[in-house]
Amino acid sequence: MSFRIPLAKPEITDADREAVVEVLRTPYLSTGPKVAEFEGALCDYTGAAHAVAVNSGTSALQLAIRALGIEHGSEVVLPSFTFSAVLNVILLEGLCPRFVDIDPRTYNCSAEALLAAVTKETKLVIAVHTFGFPVDVAAILEGLPRRARNKKIVVIEDACEALGAEVHRRKAGTVGDAGLFAFYPNKQITTGEGGMLVTSDPRLARRAAQLRNQGRDPSLGWHSHAEIGFSYRISDINCALGISQLARIEDVIARRQKLAETYDRELANIPEIIRPALECAVGRISWFVYPVQLEAEFTADDRDRICESLLQKGIATGRYFAPLHGQPVLASRSFAKGNSQKLPTTEDTKVHEGSVRHQPPSISGKGGSTPPETKQAPAAQRRNINSPARQCREGICNTDTVRFSGRHDFEEQYLPKTNFVAERVIQLPFFNELTEGQIREVCRALKHVIQDARCNT
Ligand SMILES: Cc1ncc(COP(=O)(O)O)c(C=O)c1O
């Protein structure tokens, strides 16, 4: 479907086209010089010591986990409110996810929340710079429990949505043990498809490069396979586009900041809309999307109707993310055997009705959920769970606890904010070439459809 105002759109310049065509005039369409050139350019820009270019951000995450030696069955702490790629890789690698709730103002898990979820079984923390808002990775590294050297908890920064964001003046992705970027066409820069792993550890980079290309170790001789590897190479065509796009990344970030500021101004007179903060105490935001939330009185159905009305006016919107802790894919995992995948205390608003004191009516009159202020599940909700500690000991885990083996702390795993935000978030059109006029049109339309929704109830 084509929209008058799309949600996202890549910006491709004449210079980008020329760069791609130039590669097509050479015999080096893949495994040629542009791959190393793109890796070098990204290192120069981010300050990373080493970079390994791959065919997607998902591949970069998988290679990071492999190269870091995270073993099957290890516990990994991560946000639930993020892209499905992260959960897919975790499951592919046989890891046990331990999900963490978000801060609704930043869409990120705070450093404190991630650290609070770490147990003595945790081997990995994945800090995701969601929507380009930086997470304080320095504070995570600082706060991690000290363990023996070879048992250290490693931190992967998923900066797939955050190229150019900064964590205390260091580029997001370069603070943890490894960082990832992705270059799908809706990102700040694109290679068509593509990703990059960055690290300061030369051994990790070497291992990732080996895994990227069938596990081949060039030091062992021609086509010698040191280990089982993947076919995660990226072509020189993609990299040429990436080099050309990366050359103007600072300009792109500045333009996207201006777009966010324009949205902020234009939306200021819509009280039903919660705008994202334009600045972040951790460091610079690199705007990937422009997310707004509907006020607490709205339900997910209200939100969907509002998006549908905007669609009728030719304006595309997005709704991501669907929280990972509720994904049906978890139900089929052996570690989740017997898991009903119901989230009675976090997703079912009927359960909330029985246990939450203040329940404002929704605009559709069905009763919205109360903004989650407390960290603990209310007592009445906790009674709905049939001994989660016992279930987890027996390998039957309720998804509110979303830890699939061993003992667990039930209260810590309550994710009300994630669900609350996921039901009300709307991504508005956001791309480099979006004009002020289009933003004004989107905001006017949004105001009208919200008013219509109110009038019709
Ligand atoms: C947070 C996050 N992680 C990982 C990925 C995976 O990247 P790709 O789609 O290039 O595989 C994405 C993609 O958008 C993402 O947003």
| query | Based on the mean of other beta carbon atoms within 10 Å per residue, what is the order of 419-426, 172-179, 311-318, most packed first? | reply | 172-179, 419-426, 311-318
| request: Tell me which residues come under 5 Å, amide H to amide H, from residue 319 once H is placed; ignore anything under 5 positions away on its chain. | output: 427
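Laboratory data are not the source of any read-out in this text; all were calculated from the coordinates shown. What you see is a predicted model; the values in this text were computed from it and never measured. Glycine gets a Cβ as well: all are built from the backbone with ideal geometry, and neighbour counts include every protein chain shown.
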